[in-house]
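Each remark here refers to the structure printed beneath this line.
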Amino acid sequence: MSNQMKTTLAILFSLLCGAMAAQSTLGLQYGYHHLQRQDLTFSPLTFSGAAPLNLGLVYGKTGANSFFAAGLHVTGFQARSTDAFEYTSRGDAKPKTVPASSFWQIDLNFQYLRRLKIKDEQLAIFAGLALDNQVAALFYEFGEYGAFGYTTVASLAPAVAVNWQLSEKNMLNFTANLPVLSWVARSPYAINDDDFIERQSSHRGLETLLRLSADGELASFGNLQRLAFAAQFQRKLSERWTANLGYDFALLRSQKPHHLTAIENGVSLGIACRF
């Protein structure tokens, strides 16, 4: 047998072993999230509130030396800057109560990490890259009048993950990423300008979202700061099923067109199936 054929067979055998060793999981998450958001484009006040709707779908694939994950999360916050108050509209003397502002977020995230070689068998450390994307539709309520805003951020970030095997059935997992380059699209300086009106003139949800998201610019770490951290406790229920309890933290700061700071904390329960 030639050396070239031996090398080819060795590569094929390695790929086959990696495929057999790889484990895939699909999980569903639900929990409590809280948001604090101050965007000087709309108000100097800080809006805060919880998310009655907070759903996540997560796919992961772990091989002998690599880890891939994709997650989709939909969150709907009901936020206020003050206690609810009554107001009257012109031509209507009957008082009305101002509703809470609604902030809708869609997060779509991808990670590809490689395992680092360490001697501790109970500890697995991964490092690689993450693509962290978030689209937010913001419906501000100020009383008689309201305002619509949007924020789109797509970031490329170095990422790390740590799996700590506590016992045969229990494991702790930590992940973090810190973006270095992002594409940012936010509501304009005047909230509504000619460019904004033209881009949302179709009144079609997906088309409007794509056109607004395209109206952005690249931002480095100096102009935009993001940080995402998650910790999760996993309990093996059977050979196929795992339950988990997790904590998530996310920070977003942007300088243009006005200062924006958003801090999100969340606790979630989940169930995952291995296949």
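In terms of Cα to Cα distance under 26 Å, which lysines are near enough to Lys96, apart from those fewer than 8 places away along the same chain? Excluding near neighbours in sequence, the set is empty. Take every Cα pair under 8 Å whose residues are at least 6 apart in sequence, average their separation, divide by the length of the chain, and the relative contact order is 17 percent.
Two decimals, Cα atoms only, Kirkwood Rh: what is Rg/Rh over the chain?
1.08
Expressed as a whole percentage, what fraction of the accessible surface of the chain belongs to carbon and sulfur atoms when a 1.4 Å probe is rolled over the protein heavy atoms?
63
Angle of helix 205-214 to the longest C-alpha principal axis of the chain, folded into 0 to 90 degrees and rounded to 10: 80°. Neighbours of Phe233 by Cβ distance under 14 Å: Lys/Arg scored +1, Asp/Glu scored -1, total +2. For the stretch 232-275, relative contact order (Cα pairs under 8 Å, six or more residues apart, normalised by length) works out to 41 percent.
Among the trypsin sites (Lys or Arg not before Pro) in the stretch 91-153, those placed in a DSSP loop whose Cβ has at most 10 other Cβ atoms within 10 Å are Lys117, Lys119.
In this simple spin-label model, placing a label point 7 Å from the Cα along the Cα-to-Cβ direction at both Leu57 and Ser220 gives a separation of 3.9 nm. Straight-distance candidates among the lysines for linking to Lys119, with alpha-carbon spacing under 25 Å and chain neighbours fewer than 8 residues away dropped: Lys61, Lys169, Lys236.
Phi-derived couplings, Karplus 6.51 cos²θ - 1.76 cosθ + 1.60 at θ = phi - 60°, listed residue by residue for the stretch 109-115: 10, 9, 9, 10, 10, 10, 7 Hz, with x used for Gly and Pro. Excluding ligands, DNA and RNA, the accessible surface per residue across the chain is 58 Å² with a 1.4 Å probe. Could you tell me the distance between the Cα centroids of the stretch 251-272 and the stretch 19-63, to the nearest Å? Spelled out, the Cα-based centre of one part sits 9 Å from the other.
The calculated FRET efficiency for the pair Lys119 and Arg235, based on their C-beta separation and a Förster distance of 35 Å, comes to about 0.85.
Once both labels are positioned 7 Å from their Cα atoms along Cα-to-Cβ, the gap between Leu72 and Glu144 label points is 4.3 nm.
For the stretch 69-121, the fraction of alpha-carbon pairs lying more than 13 Å apart is 75 percent, rounded to a whole number.
The values are calculated or read from the model by the stated rules, or taken from the named source; none is laboratory data. Note that the structure is a prediction, hence the values are computed from the model and not measured. In this analysis, Cβ positions are derived from the backbone assuming ideal geometry, glycine residues included, and neighbour counts consider all displayed protein chains. Calculation scope for accessible area: heavy atoms of the full protein, side chains included, ligands and nucleic acids excluded. Shrake-Rupley method; radii C 1.70, N 1.55, O 1.52, S 1.80 Å.
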